[in-house]
Amino acid sequence: MGMLTLIREVKDDKSILGKLYLNGAFVCYTLENAAKAIPTGVYLVQNSKSPKFKRELPLLWNSGVPSSRGIRIHRGNTAKDSAGCVLVGMGRNYARPNAEPSLLESSLAETMVTMLCRNVTEFVITEEH
């Protein structure tokens with residue numbers, strides 16, 4: 001068993017960049033849509049088949065964000081790919097002028113995080129201070 005922690009690091013008006021850790025060890029990078037991101041807090045996480053994506057993905061929920069909202073952890077490249085979900089990638093690109101932040105090797109990260117969530121039940125979202 002373990003705990004996944006997402007630490008949000010960089011935020012602008014369109015996206016939130018972060019890093020995901022398992023018991024303090026770095027796992028991958030994250031990207032969220034700033035306008036649709038769920039609040040910081042402690043969430044339950046459990047894999048289930050996503051009706052939208054037609055594959056097993058981690059589902060996040062707590063007393064403030066119901067499971068019916070369908071907040072998933074999944075692959076994607078930019079904040080436009082997220083309707084409130086947490087996108088994951090093995091690399092990120094955000095330092096280029098006038099370019100929107102993006103994730104790299106997202107499919108690999110999704111597979112890894114989905115496998116980790118078979119043994120994790122708690123997901124914490126916090127912000128770097």
To the nearest 20 debye, the chain has a Cα-centred charge dipole, built from +1 on Lys and Arg Cβ and -1 on Asp and Glu Cβ, of 440
Given only helices, namely DSSP H runs of n ≥ 4 each adding -39500 (n - 2.57), what is the per-residue ellipticity at 222 nm of the chain, to the nearest 500 deg cm²/dmol? -2500 deg cm²/dmol
Ranked by GNM mean-square fluctuation in the chain (Cα springs under 10 Å), the top entry among R75, R118, R92 is R118
Along segment 15-29, what does the Karplus equation 6.51 cos²θ - 1.76 cosθ + 1.60 (θ = phi - 60°) give for ³J(HN,Hα), rounded to whole Hz, x for Gly and Pro? 9, 10, 9, x, 10, 10, 10, 10, 6, x, 9, 4, 10, 6, 9
Loop sites in segment 1-52: trypsin sites (Lys or Arg not before Pro), DSSP, at most 16 other Cβ within 10 Å: K14, K36, K52
Sorted largest first, the C-alpha extents of the chain along its principal axes in whole angstrom are 39, 32, 28
Rank V45, V27, V65 by mean-square fluctuation in a GNM of the chain with C-alpha springs under 10 angstrom and give only the top-ranked residue. V65
Determine which lysines satisfy two conditions relative to K80: a Cα distance under 17 Å, and not lying fewer than 8 residues away in the same chain. K11, K14, K36, K52
GNM result for the chain, Cα springs below 10 Å: residue of L104, L31, L60 fluctuating most strongly: L104
I want to make sure I understand the PRE zone here: with the label point 7 angstrom from the Cα of S63 toward its beta carbon, which residues in segment 1-20 have backbone N atoms less than 17 Å away? none
Separation of the T111 and T78 label points, Cα + 7 Å toward Cβ, nm: 2.6
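Readers should treat all values here as calculations from the given coordinates under stated rules, not as data from a laboratory. These numbers were taken from a predicted model, which means no experiment stands behind them. Counting neighbours? That spans all protein chains shown, and the Cβs are built from the backbone with ideal geometry, glycine included.
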